[in-house]
Amino acid sequence: MSTARAGAPRIGVLAVQGDFAEHLATLRSIGVAATEVRLPSDLDGIDGLILPGGESTAIRRLIDRWGLREPILELARSGAPLYGTCAGLIVMARDIVDGDATVLPLLDVAVRRNAFGRQLDSFETELLVPVLGDQPVHAVFIRAPIIERTGPGVDVLATLDDGRIVAVRERNVIATSFHPELAGETRFHRLLATMAAEHADPAEGAGRRRHPTRRTGSAGGAGSTAS
Amino acid sequence: MTVQTSTWATKKGLAQMLKGGVIMDVVTPDHAKIAEDAGAVAVMALERVPADIRAAGGVARMSDPEMILGIMDAVSIPVMAKARIGHFVEAQILEALGVDYIDESEVLTPADETNHIDKHGFKVPFVCGCRDLGEALRRINEGAAMIRTKGEAGTGNVVEAVRQLRNVLSEIRRLEGMRDDELFVAAKELQAPYDLVRDVAEHGRLPVVNFVAGGISTPADAALVMQLGSEGVFVGSGIFKSEDPARMANAIVQATTHFDDPKILAEVSKGLGAPMRGLALEQIPDAERLATRGW
């Protein structure tokens with residue numbers, strides 16, 4: 001339990017380059033504690049991590065230069081939720097089509113950079129993301145990547161009309177080609193915060209809250225709570 | 001599903017993706033590769049870096065489209081290119097080439113002494129220079145989706161960049177403290193549209209991303225303007241006029257990310273070789289100052 005208060009997760013935003021300020025503002029707007037991550041030590045006490053939009057070629061170099069790769073993989077292995085937008089998706093993809101080496105192989109997908117073309121092809125649209133409800137997401141795509149292959153453990157969360165995949169989830173990792181943080185869309189961040197709270201305090205939402213007066217770690221403690 | 005391209009959100013959004021990064025001037029595809037490998041978030045394709053434009057004199061124009069296309073082919077990061085102030089046909093040509101951003105730049109010789117380009121009419125986004133808040137807001141009113149302070153390009157001297165950035169940010173702070181009825185006069189004094197002035201006063205920032213340009217030539221320079229409140233940096237002559245461009249480029253990238261960590265700044269500043277040779281501002285006659293171009 002890394003947070004001071006159970007159920008109040010603290011989410012880090014990788015702040016080496018890109019639109020990390022917009023992600024921090026989105027998290028704070030929904031009352032979630034958020035903090036910038038530039039060095040491995042910044043990951044201490046974090047229950048979830050956002051990898052923002054930006055230039056993936058720059059972000060990958062900064063991740064390597066400051067030794068962030070292994071600590072982020074370790075955070076993901078611990079079950080903490082991660083969410084990547086645009087460049088964040090590229091950085092977490094197991095395969096990058098046409099060349100670049102994998103950075104953080106966390107999502108069993110193949111992703112193509114700048115898949116729609118150059119800036120003149122950047123666009124915005126209303127996108128149905130069923131897991132977030134009937135209200136469509138206003139999605140801004142900027143020199144965006146596309147997911148061309150998904151592995152068996154990957155859930156597709158959204159596609160364009162032509163079937164191209166633009167949002168996925170595999171276990172504790174979520175990624176989108178587009179930028180909810182540019183459009184005042186908070187549902188992805190709320191989902192991440194919920195997952196982070198569950199990670200920080202497994203009793204959260206699991207129907208097995210400890211009795212408030214029972215001390216943890218004592219015999220017959222949380223582990224033996226009947227369900 | 002309706003799809004809209006070239007919206008305000010996509011134009012402004014690309015600049016938001018560049019934040020915390022370094023945009024580097026390059027004159028060949030090889031330079032562009034060096035910049036990309038060093039971690040540049042975008043490159044500015046131009047025929048000569050500002051220090052050489054300054055040395056050569058004469059009229060500086062948009063670069064040869066073939067050279068710009070060569071650079072667009074060489075790298076996967078966004079490519080920007082410069083058009084002369086007011087030269088909307090150069091801008092049309094750059095848009096036809098498919099560049100990712102146009103810089104309507106005082107580094108080139110202005111084509112119009114009164115009017116800037118009507119940037120709303122273009123699909124491609126524009127970045128424009130400014131020396132103060134009023135100039136920034138006039139450019140945004142014309143459709144600029146990103147602003148940079150001009151500094152004094154090609155000097156390797158950060159003093160103008162610092163002056164202008166402090167200028168813009170302190171004017172923003174002044175607006176924040178004003179009563180609503182004082183903003184009308186502020187707009188008049190700034191020679192800027194009231195709606196934009198009010199927006200700045202409300203949010204305490206420009207409505208678009210704000211970088212610094214013109215004079216950054218060391219990692220410490222980059223960190224200085226970042227600590228003062230810039231959202232990223234343009235480096236022109238500072239990289240390819242230094243002794244070891246690849247190392248200097250990389251060091252400036254690291255310093256822009258870790259701008260607030262003096263230990264890291266000390267580490268990345270080690271053994272970079274000589275930075276570009278700088279110019280004292282007093283050595284430049286007023287007529288040769290680039291920052292005074294644009295109105």
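Quick notes on this structure:
- Subset tally (residues that are farther than 19 Å from A:PRO52 by Cα, touching a residue at least 60 places away in the same chain (Cβ under 8 Å) and in contact with a Ser or Thr (Cβ under 9 Å, 6 or more places away or on another chain)) for the range B:7-43: 3
- Reported count of residues in the range B:39-85, each being closer than 20 Å to A:GLY117 by Cβ and within 14 Å of chain A (Cβ to nearest Cβ), is 17.
- Of residues in the range A:22-51 being in a loop (DSSP other than H, G, I, E, B) and in contact (Cβ under 8 Å) with a residue 60 or more places away in the chain, the one surrounded by the fewest Cβ atoms within 10 Å (Cβ to Cβ): A:ILE30
- Restricting the range B:20-38 to residues that are within 11 Å of chain A (Cβ to nearest Cβ) and β-branched (Val, Ile, Thr), the residue that is surrounded by the fewest Cβ atoms within 10 Å (Cβ to Cβ) is B:ILE23.
- Output for the range A:7-24, where each listed residue is more than 15 Å from B:LYS19 (Cα to Cα) and either of a type in the set (Lys, Arg) or within 14 Å of chain B (Cβ to nearest Cβ) (or both): A:ARG10
- Boolean, B:GLU152 is surrounded by 15 or more Cβ atoms within 10 Å (Cβ to Cβ) and either of a type in the set (A, V, I, L, M, F, W, C) or under 27 Å from B:ARG289 (Cα atoms) (or both): yes
- Residue within the range B:32-46 that is at pLDDT 95 or above, of a type in the set (Lys, Arg) and touching an Asp or Glu at 6+ places or on another chain (Cβ under 8 Å) present: no
- Inspection of the range A:47-64 identifies at least one residue that is within 12 Å of the chain's Cα centre (by Cα) and of a type in the set (Val, Ile, Thr).
- Within the range A:130-159, the residues that satisfy the criterion of being assigned to a loop (DSSP other than H, G, I, E, B), within 16 Å of A:THR186 (Cα to Cα) and either of a type in the set (A, V, I, L, M, F, W, C) or more than 12 Å from every other protein chain (Cβ to nearest Cβ) (or both) are A:GLY133, A:ASP134, A:GLN135.
- Applying a threshold of 7 Å to beta carbon distances and a minimum spacing of six or more residues, or different chains, the list of pairs starting in the range B:103-129 at a residue that is farther than 12 Å from B:MET62 by Cα and ending at one that is of a type in the set (Ser, Thr, Tyr) and assigned to a loop (DSSP other than H, G, I, E, B) reads B:LYS123/B:SER6.
- Any hit, the range B:207-224, residues being over 30 Å from B:VAL185 (Cβ atoms), touching a strand residue (DSSP E or B) at 6+ places or on another chain (Cβ under 9 Å) and charged (D, E, K, R): yes
- Odd one out for A:LEU127 among (1) under 19 Å from the mean Cα position of the chain (by Cα); (2) within 8 Å of another protein chain (Cβ to nearest Cβ); (3) free of Cβ contacts under 8 Å to residues at least 24 places away in the same chain: (3)
The rows are residues; the columns are (1) modelled with pLDDT under 95; (2) in contact with a Leu (Cβ under 6 Å, 6 or more places away or on another chain); (3) in a strand (DSSP E or B); (4) not hydrophobic (A, V, I, L, M, F, W, C).
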{"position": "B:ASP195", "(1), (2), (3), (4)": "no, no, no, yes"}
{"position": "B:VAL200", "(1), (2), (3), (4)": "no, yes, no, no"}
{"position": "B:LEU206", "(1), (2), (3), (4)": "no, no, no, no"}
{"position": "B:PHE211", "(1), (2), (3), (4)": "no, no, yes, no"}
{"position": "B:GLY214", "(1), (2), (3), (4)": "no, no, no, yes"}
{"position": "B:SER217", "(1), (2), (3), (4)": "no, no, no, yes"}
{"position": "B:LEU224", "(1), (2), (3), (4)": "no, no, no, no"}
{"position": "B:ILE239", "(1), (2), (3), (4)": "no, no, no, no"}
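- Count - residues of the range A:52-88 that are within 13 Å of chain B (Cβ to nearest Cβ), within 20 Å of A:GLU36 (Cβ to Cβ) and either in contact (Cβ under 8 Å) with a residue 60 or more places away in the chain or not in a loop (DSSP other than H, G, I, E, B) (or both): 15
- Flag for A:VAL131 being touching a strand residue (DSSP E or B) at 6+ places or on another chain (Cβ under 9 Å) and buried (at least 16 other Cβ atoms within 10 Å of the Cβ): no
- When every residue of the range B:62-70 is checked against the conditions, none turns out to be among the hydroxyl-bearing types (Ser, Thr, Tyr) and under 18 Å from A:SER122 (Cα atoms).
- Note on the range B:260-277: residues that are part of a loop (DSSP other than H, G, I, E, B) and touching a Pro at 6+ places or on another chain (Cβ under 9 Å) amount to 2.
Results for (1) within 27 Å of B:GLU104 (Cβ to Cβ); (2) within 14 Å of chain A (Cβ to nearest Cβ); (3) of a type in the set (S, T, N, Q), shown as yes or no for each residue.
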residue	(1), (2), (3)
B:THR218	no, no, yes
B:THR256	yes, yes, yes
B:LEU265	no, yes, no
B:ILE284	yes, no, no
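- Filter result for A:ALA33 (small (Gly, Ala, Ser), over 30 Å from B:PRO207 (Cβ atoms) and in contact with a strand residue (DSSP E or B) (Cβ under 8 Å, 6 or more places away or on another chain)): no
The values are calculated or read from the model by the stated rules, or taken from the named source; none is laboratory data. It should be emphasised that the depicted structure is a prediction, and the values quoted were computed from it without experimental measurement. Heads up, the Cβs are rebuilt from the backbone with ideal geometry, glycines too, and the neighbour counts pull from every protein chain shown.
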